[in-house]
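The values are calculated or read from the model by the stated rules, or taken from the named source; none is laboratory data. Everything numeric in this text was worked out from a predicted model, so none of it was measured. For neighbour counting, all protein chains shown are included, and Cβ atoms are generated from backbone atoms with ideal geometry for every residue, glycine included. Surface areas here come from the heavy atoms of the whole protein model, side chains and all, with no ligands, DNA or RNA. Shrake-Rupley method; radii C 1.70, N 1.55, O 1.52, S 1.80 Å.
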Amino acid sequence: MNILTQKINTLKQEKNAIILAHYYTLPEVQEVADFVGDSLGLARKAAETDADIILFAGVHFMAETAKILNPTKKVLVPDMSAGCSLADSCKAEKLAEYKAKHPGYKVLSYVNCSAAVKALSDLIVTSGNALKLVNQLPEDEKIIFVPDGNLGDYINRMTGREMLLWDGACCVHDHYEVEQLEKMKAEHPDAIVVAHPECRREMLEKVDFIGSTPPCSTSSARAM
Ligand code: SF4
């Protein structure tokens, strides 16, 4: 164990702190984390921890979610430049204006949004449970879905709903082009193609499997 890791571990014990790290983070960050997982797994871990301080190595909205779920804890974000283009594409003030123009509509939010947007929402879903939860709503429920237009479009097609869709997107998933995919498929004809529903419709129509993080399955505990 190197000196930096030893210092971090000592500090964690002194402060009764826990480090939660997203899979997105660098290996050396994951190495000093107490728990590594996806946003849902990290949120669940944040909700159950008895540590006084949660150091959250992830993007803003994930750290905000940790705070919402465990409001008495101090939640620290080590890098304030770690934002999410999808969350940033839906500002709470704009959503409030949109809601005012659409009385009678429920706001359904994908968890990848700011705390301020969550506060304006009637229901919050993950990509893993969105179809199930939307199907449980009354068929004539009028819904505004934010912030991911691609995910909302996918849910509409799978459920037969006509939710109004916010024009937001993830800069990563929205970036994939069908031409790139066709090229790779030509180079690897036996490969199966999987995609997240945050990708554009034209991409999803070309893949073998559409899916997201399964509920509570992909997080892994780490020894301190
Ligand atoms: S991958 Fe996309 S949705 Fe996920 S945190 Fe990054 S920008 Fe946001």
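Here's how it looks for Leu165: its modeled amide H is under 5 Å from those of Phe145, which are all 5 or more places away or on a different chain. The packing ranking of peptides 123-133, 144-154, highest mean first, is 144-154, 123-133, where packing means the average number of other beta carbon atoms within 10 angstrom of each residue. Taking 0.36 nm per residue of separation and subtracting the current Cα-Cα distance, fully stretching the chain between Lys7 and Glu177 would add 56.7 nm. Of Tyr176, Tyr98, the residue with the largest accessible area leads and the full order is Tyr176, Tyr98 (1.4 Å probe).
May I ask you to derive the relative contact order of region 86-165, considering only C-alpha pairs under 8 Å and at least 6 residues apart, and to give it as an integer percent?
Working: 111 pairs, mean separation 24.4, N = 80.
In percent, rounded to a whole number, it is 30.
3J(HN,Hα) along region 122-136, derived from phi through the Karplus expression 6.51 cos²θ - 1.76 cosθ + 1.60 where θ = phi - 60°, amounts to 8, 8, 10, 10, 9, 5, x, 10, 4, 4, 4, 6, 5, 5, 7 Hz, with x in place of Gly and Pro.
Would you mind estimating how fast region 86-165 diffuses translationally, via Stokes-Einstein at 4 °C and 1.567 mPa s with the Kirkwood radius over Cα pairs, in µm²/s? Working shown, then result.
Details: Rh = 12.4 Å.
In µm²/s, the coefficient rounds to 104.
Quick one: which of Lys73/Lys118; Lys15/Lys91; Lys45/Lys101; Lys7/Lys91; Lys67/Lys101 span more than 27 angstrom between C-alpha atoms?
On the way: Lys73/Lys118 19 Å; Lys15/Lys91 35 Å; Lys45/Lys101 38 Å; Lys7/Lys91 39 Å; Lys67/Lys101 31 Å.
Result: Lys15/Lys91; Lys45/Lys101; Lys7/Lys91; Lys67/Lys101 exceed 27 Å.
Taking the Cβ of Asp174 as the centre, find all other residues whose Cβ is under 12 Å away and add up their charges (Lys, Arg: +1; Asp, Glu: -1). Once all neighbours under 12 Å are counted, the net charge is -4. Annotation: extensible slack from Arg157 through Lys99 equals 18.6 nm (criterion: 0.36 nm per residue apart, minus Cα-Cα distance).
For the chain, the share of DSSP beta bridges that are antiparallel, to the nearest 5, is 10%.
Contact order for the chain, expressed relative to its length and based on alpha carbon pairs under 8 Å spaced 6+ residues apart, stands at 18 percent. Per the 1.4 Å probe, what fraction of the accessible area of the chain, in percent, lies on carbon and sulfur atoms? Its accessible area is 56 percent carbon and sulfur atoms.
Under 5 Å between amide hydrogens, built in the peptide plane, is the criterion, and for Glu141 it picks out nothing among residues at least 5 positions away or on other chains. Helical runs assigned H by DSSP (4 residues or longer) give the chain a calculated mean residue ellipticity at 222 nm of -11000 deg cm²/dmol, each run adding -39500 (n - 2.57) before division by the residue total.
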